[in-house]
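Every read-out reported here was derived from the displayed coordinates using simple, explicitly stated rules and does not represent laboratory data. Predicted model, so just to flag it, every value in this text is computed and none were measured. Backbone-built Cβ (ideal geometry, glycine too); neighbour counts: all protein chains shown.
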Amino acid sequence: MLTLEQNERLTRVGPGTPGGKLLRYYWHPIAPLADLDENPVKKVRLLGEDLVLFRDRSGRLGLVDHRCPHRRVSLEYGVPEEEGLRCAYHGWMFDTAGRCLEQPAERAAGFREQVGIKAYPVEALGGLVFAYLGPQPAPLLPQLDLLVWDNVVRHIGITTLPCNWLQCVENALDPVHVEWLHGRYMDYVWERQGKPIVARNRARHVKIGFDEFSQGIVKRRVMEGQSEADENWTVGHPLVFPNILRSNGTYQWRVPVDDTHTLHLTYNGYRTGMPVQGQEQVPVYEIPLQDEYGRVMTEVLLVQDFMAWVGQGEIAERHLEHLGQSDVGIAMMRRMLEEQMARVEQGQDPSIGIYRDPEANRCIVFAEELHAYNGRDHVPESERVQFGWAFERFNPLRSEIVEFLRESERRVARGELVPPGHATLPVPVGASHRQVFMLPETAS
Ligand code: FES
Ligand SMILES: [Fe+2]
C-alpha cells in the first residue's frame, strides 16, 4: 500500500512534478505520422502540455506550444509554410525551433526576436512521431527493432483511455491476471453472450519472476505443465522502462497524455521473409474501448485490459489497495520509479533506458518467448493475425495482411526465402535485483 502522497508522486505527469520530470527524459510517441498526411497540423497533448504538431511544406516536423504568443490564439488553426507554421490570426510565423520568423504587421526593431514560442524536438520513426519534452541535450530516440527492421508488416492500433498511465503499465508486471481476466472472465462474457465456451488454456501460474535489466524489467512465468527450461521462464518478455510493453510481436505504448488520460498505441510488427510493399505510410486504425452502443467490448482480450485499467478509476487509489505476494512485480516497478525519480531530483540522468551512444542505439532488439496461440508454439504469423489477435478485427487491412504473410510463409516453406529470425540473447535469469515468487500450492 502506498500513501496518498506516494501515489501522487508516482502518477502526476505535469511540468515540475517528480513523475513528470522523470517521464520527460524519455521520447514518447505522440501521433502516427499518417495523421499529418490527412492534416499537416494537429493538436496533441503530452505530459499535461497542450501542443501543436505540424509538418511544414519543406517536410520538417515541429512541435510548439498550442497558443500563439501574440494574442494566444490556438495554432491548431495555423498554416504550414515553406519554413514553419503561420498563425491564422495575424500571420506571425514560427519555425520548428520556435523562433519567430515573421510578424507582418509589426515594424519595431527587435520585437520579433523577443517573442519565440516554446518548441520541442520531434522525430519520425517506424510510422510514429516521437517527442522529447525533457532537458537538453536530448538522448537519442531509441531505434527499437520492430520500428527499424526490414521486412516487417507494421500497423498501429490507437485508443485513448480515460485513466492514468501507471495503472496501464502495472498491468504488464501482473502475470496472474491472464488466468482470470483473459480466462475465467472471458468464459463468463461468452456465456453471457450465449456463445459456446471454447476450452481455454486454464493452466495456473506455478511461478513468476522479474529481473531488472538495463532497459526495464523482464517478466517470466512457469505455468502448470511447464518447467524452468521453457521460454516462458528462460526468455520471458520485457517491460521497457518506463511505459512500453513488448509482447507477442507488439510494442504497447502507454503514453501519459495527462494525469487522467493515456494514449494507448498497439504497434504490431509482423516479420516476414520478403520486402513489404505499400507501407510508405504505416496504416493506423482505432481499437475502440466501446462498441456503437457505448458498451465496453469485453470479449476482446486487449479491451479486457483496458476495462480493468479504466475500472481502477482515473487514478488508481493505491492508498486503499492490498498488495499480495503475487504483486511483487508491481512493487518492483514502483520502487524503480522511485529510484529513478530520486536520481532526476539529484540532477542525474535516469540510469535505465536512456541512449546517448549511437553505437548502442543502432537497433535495439528485445528477446521474447515464442509466441503461443491455442497452446501451440511456432504458430505462423498469418494465423496469429487471422485468429490470434481479437483486436485485429478492427484493422481494415487484416485480410490483406494475412494474405501477404501467407505468401511469405509459403515461399519460406519452398526454400525461396530465408525465414525471419529471432537473433538475440535473452536477459539471463537472475539479473540484478532479482525478484522471484513461487505461488503457494493452496492458491485456488
Ligand atoms: S494571435 Fe497569433 S498572430 Fe496574432
Ligand atoms: Fe492482459
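A few comments on the model shown:
- Once you divide the Cα radius of gyration of the stretch 137-217 by 2.2 N^0.38 Å, the number left is 1.56.
- Antiparallel bridge percentage (DSSP; both residues within the chain; nearest 5): 95
- Farthest toward the positive end of the dipole of the stretch 120-202, out of 148, 120, 180, is the Cα of 180, where the dipole comes from beta carbon charges about the Cα centre.
- Of 135, 18, 40, the one that fluctuates the most in a GNM where the chain has Cα springs shorter than 10 Å: 135
- Taking a straight Cα-Cα cut-off under 23 Å and skipping sequence neighbours fewer than 8 places away in the same chain, the lysines within cross-link reach of residue 207 are 219.
- Förster radius 25 Å - calculated FRET efficiency between residue 424 and residue 140, Cβ distance, rounded to 0.05: 0.80
- Average Cα contact separation per residue, the chain, under 8 Å, 6 or more apart, as relative contact order %: 20
- Taking the chain as a Gaussian network of alpha-carbon nodes connected by springs under 10 Å, the highest mean-square fluctuation of the residues 66, 205, 322 belongs to 322.
- Each distinct pair of alpha carbons in the chain adds a 1/r term; the inverse of their mean, the Kirkwood radius, is 23.4 Å.
- Its relative contact order, with pairs defined as Cα atoms under 8 Å and 6+ residues apart, puts the stretch 278-351 at 12 percent.
- Here residue 413 and residue 356 are evaluated by their C-beta separation; at R0 = 41 Å the FRET efficiency comes out at 0.40.
- Each Cα pair under 8 Å and six or more residues apart adds its separation to the average, and for the stretch 111-155 the resulting relative contact order is 28 percent.
- For the stretch 35-125, the mean projected area of the C-alpha convex hull, equal to one quarter of the hull surface, is 5.8 nm².
- Simple label model, 7 Å out from Cα along Cβ direction - residue 148 to residue 5, nm: 4.3
- Calculated FRET value between residue 182 and residue 115, using beta carbons and R₀ = 60 Å, to 0.05: 0.65
- Built amide H within the under 5 Å cut-off of residue 258, gap 5+: 47, 48
- Extension gain from residue 319 to residue 227, taking 0.36 nm per residue of separation minus the Cα-Cα distance: 29.5 nm
- Net charge of Cβ neighbours under 13 Å - reference residue 287; Lys, Arg +1; Asp, Glu -1: -2
- With neighbour counts taken as other beta-carbon atoms within 10 Å, the residues 184, 45, 220 rank, fewest first, as 184, 45, 220.
- Each label was represented as a point 7 Å from its Cα along the Cα-to-Cβ direction; for residue 280 and residue 99 these points are 3.2 nm apart.
- Paramagnetic reach from residue 214 (point 7 Å along Cα→Cβ, amide N under 12 Å) across the stretch 329-357: 352-357
- Cα-derived Rg to Rh of the stretch 42-90, Kirkwood definition: 0.96
- Per-residue Cβ neighbour counts within 10 Å put 211, 35 in the sequence 35, 211, beginning with the fewest.
- Between residue 193 and residue 435, the contour length at 0.36 nm per residue exceeds the Cα-Cα span by 83.1 nm.
- A helix-only calculation puts the chain at -5500 deg cm²/dmol for mean residue ellipticity at 222 nm, using -39500 (n - 2.57) for each DSSP H run of at least four residues, averaged over all residues.
- The residues 381, 224, when put in order of fewest to most other Cβ atoms within 10 Å, stand as 224, 381.
- Top of 291, 65, 37 by mean-square fluctuation, Gaussian network on the chain, Cα under 10 Å: 291
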